[in-house]
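The values are calculated or read from the model by the stated rules, or taken from the named source; none is laboratory data. All figures in this text were calculated on a predicted structure; none of them were measured in a lab. In this analysis, Cβ positions are derived from the backbone assuming ideal geometry, glycine residues included, and neighbour counts consider all displayed protein chains.
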Amino acid sequence: MSIRANQEPGTAEIDLSDVKPRVGQLVGGGQLLEPCTALDIRRWVMGLDYPNPIHWDEEFARGSKFGGIVAPQTMCVCLDWGDGVSPSLVGHIPNSHMLFGGEEWWFYGHTIRPGDQLFQERRFHDYKHVDTKFAGPSLITRGDTIHRNQNGTLVAKERATSVRYLVAEAEKRKMYETNPTKAPVWTPEELKKIAKIRRDWILSGRQGTSPRFEEIAVGDKLPRRVIGPHTLTTFASEWRGFPFTTWGAYKWVGPPGVKDAWINQNSGFTLPVDYEEAKIDPRVIDGLYSGPASGHVNTSAGAQLGLPRAYGYGTSMGAWPIDYLAYWAGHDGLVRHSKMSFRTPVFEGDVTYVDGEVTAKQTDSVWGGALVTIKVQLTNQEGALSVSGEAEVEVPI
């Protein structure tokens, strides 16, 4: 089966013959072999530029309520294989690529610590055909991942959304042609302003003091966070924050009893992944060197995907807001639910500003505690929107 774009007859088709039969099916993927370590936690927050001391400073963390280093809530996606996006990339679509379109998270209150190991249950949820400015006929595909620890404790659930498109159609439309191929250059004065915003934000929540429910008012604005300027180095640090990018760190697993489970099959990307060759040379599946992920740090590879220059990871775009909200919520707070839509990638040389505003409050919730609803937006230095969404954050009364 194929779906034709409603533009000009015969312009493009998306082949769904390997996608449609897999809707609702449990799928497989990679399973990390070792439990989480304090070093894994430190490397993750370093990659995301999240300097909350309970995640890296052993002395500070020992003096906190946690008694030692603990992981941020975003550690769930770090301890997953493939950025958590794999269940939304099920089915072979020839000559295609993807952009991470957004994600939704539910958190159930378990704090990940060194020694925990997460196990995933993955399912391809659904798809729908859309017509995008970026690439014309495209698919919005969604996949779910449920995270449990070694004791079977439910930790979190993620619903990942991907935009799967035909690379040739993206090249025709040249949506990002107005974005220069060279990264902007920042003056020393501009960098000083960025550094001040970053340091002021760090100091705003460093002690972990949680805002009380009665102290919070609708319309309150959270302290602004800034990330960047983004560089090839920062993108590489984000990639290396994932343990699965370490050679030999995972094995392939499939759901028991599922025939033809999607585990590591070929999604049809124009930059293919050769898992057989990787048994000899693991660099061929290392996203800093080859394959579809290499477009993030390799401008020529990015150009093959219809993008003007190196660009950031969708996973980071989803994690930055959660870390931002968790930092504001403090040691006694918790992000319960987050739903973020990704509008455009972050590009090399840009900075990302994270802003939040309280839009609602409720004393009783399905989670059992008091919740504050916060609208979050991520924009670049020119005000272009990259991420928008809302989250429910539990705070003490």
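Odds and ends about this structure:
- Residues in segment 357-397 that are closer than 20 Å to G314 by Cα and not aliphatic (A, V, I, L, M): K375, Q377, T379, N380, Q381, E382, G383, S386, S388, G389, E390.
- Within segment 126-140, the residues that satisfy the criterion of being crowded, with 17+ Cβ neighbours inside 10 Å and not in a loop (DSSP other than H, G, I, E, B) are Y127, T132, G136, P137, S138, L139, I140.
- Conditions (1) part of a strand (DSSP E or B); (2) in contact (Cβ under 8 Å) with a residue 24 or more places away in the chain: number failed by R113: (1)
- Residues satisfying the stated conditions in segment 322-341, i.e. in a helix (DSSP H, G or I) and either free of Cβ contacts under 8 Å to residues at least 40 places away in the same chain or touching a helix residue (DSSP H, G or I) at 6+ places or on another chain (Cβ under 7 Å) (or both): Y327, W328
- Test result for A170, part of a helix (DSSP H, G or I) and crowded, with 17+ Cβ neighbours inside 10 Å: yes
- V27 meets each of the listed conditions (1) under 30 Å from T352 (Cβ atoms); (2) touching a residue at least 40 places away in the same chain (Cβ under 8 Å); (3) surrounded by 21 or more Cβ atoms within 10 Å (Cβ to Cβ) apart from (1).
- Condition met for V273 (under 22 Å from the mean Cα position of the chain (by Cα) and not in a loop (DSSP other than H, G, I, E, B)): no
- Taken over segment 316-345, the criterion of being at negative phi and small (G, A, S) is satisfied by S316, G318, A319, A326, A329, G333, S338, S341.
- Residue check, E215 in contact (Cβ under 8 Å) with a residue 40 or more places away in the chain, of a type in the set (D, E) and out of contact with any strand residue (DSSP E or B) (no Cβ under 9 Å at 6 or more places or on another chain): no
- Taken together, the criteria place A319 among residues that are under 17 Å from E104 (Cα atoms), under 15 Å from the mean Cα position of the chain (by Cα) and either part of a helix (DSSP H, G or I) or without any contact (Cβ under 8 Å) to a residue 40 or more places away in the chain (or both).
- Residues in segment 346-371 that are within 21 Å of E104 (Cβ to Cβ) and either of a type in the set (S, T, Y) or crowded, with 21+ Cβ neighbours inside 10 Å (or both): 7 in all.
- Tally of residues being at pLDDT 95 or above, in a loop (DSSP other than H, G, I, E, B) and either within 27 Å of the chain's Cα centre (by Cα) or over 20 Å from D350 (Cα atoms) (or both) across segment 183-227: 16
- Qualifying residue in segment 227-242 (condition: of a type in the set (S, T, N, Q), touching a residue at least 60 places away in the same chain (Cβ under 8 Å) and in contact with a Lys or Arg (Cβ under 7 Å, 6 or more places away or on another chain)): no
- In summary, A278 fulfils each of the numbered conditions (1) touching a residue at least 60 places away in the same chain (Cβ under 8 Å); (2) aliphatic (A, V, I, L, M); (3) touching an Asp or Glu at 6+ places or on another chain (Cβ under 9 Å) with the single exception of condition (1).
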